[in-house]
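For reference, the structure discussed in these notes is given below.
The values are calculated or read from the model by the stated rules, or taken from the named source; none is laboratory data. Predicted, not measured: the structure shown is a model, and the values here were computed from it. Neighbour counts are summed over all protein chains in view; Cβ atoms, including those assigned to glycine, are modelled from backbone coordinates with ideal geometry.
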Amino acid sequence: MRTAFFVDGYNVFYGLLADTPYKWLNLPQLLAYIAHIENPQSSVASIDYFTASVKPELATRGIASKEAQDTYVRALRAHKVDVHYGRHQLEPARAPFHQQENRCLAAGHNAYLEAGRKGN
């Protein structure tokens, strides 16, 4: 069986690597191992890695963070990983609010709100 992987780079970094001494992850090797554990006849068909460019003005290490990300992306591409860039959304997002029922309509969330107060 051939397996395609779709990887959220932000969550890989902050979920696995942040606050550890490890900053490099051999993603193709890890995913090939996972595919094999799930099904010994499985092979990796493709790896798609989704990320957004580090903004040095927002990063803890400034330009060094951007350079590190660029280096890692080059390494991923050298190992046949398809890298896709999105963008950061720095503005706060707002969910539509239905006035008649005081109901939040975001992503199917049916939390009712009391007038003048936010709730879950």
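Some observations on this one:
- For beta carbons closer than 7 Å, sequence separation of 6+ or different chains, a first residue in segment 42-55 that is touching a residue at least 24 places away in the same chain (Cβ under 8 Å) and a second that is in a loop (DSSP other than H, G, I, E, B), the qualifying pairs are 42/1; 47/81; 49/81; 52/87; 52/88; 55/88.
- Segment 28-52 - residue that is in contact with a Gly (Cβ under 9 Å, 6 or more places away or on another chain) and crowded, with 17+ Cβ neighbours inside 10 Å and, of those, farthest from residue 69 (Cα to Cα): 49
- Scanning segment 1-51 for residues that are assigned to a strand (DSSP E or B) and either touching a Pro at 6+ places or on another chain (Cβ under 6 Å) or within 18 Å of residue 74 (Cβ to Cβ) (or both) returns 7, 47, 48, 49, 50, 51.
- When we screen 98, 88, 84 for residues that are at pLDDT 90 or above and either surrounded by 10 or more Cβ atoms within 10 Å (Cβ to Cβ) or touching a strand residue (DSSP E or B) at 6+ places or on another chain (Cβ under 9 Å) (or both), the only hit is 84.
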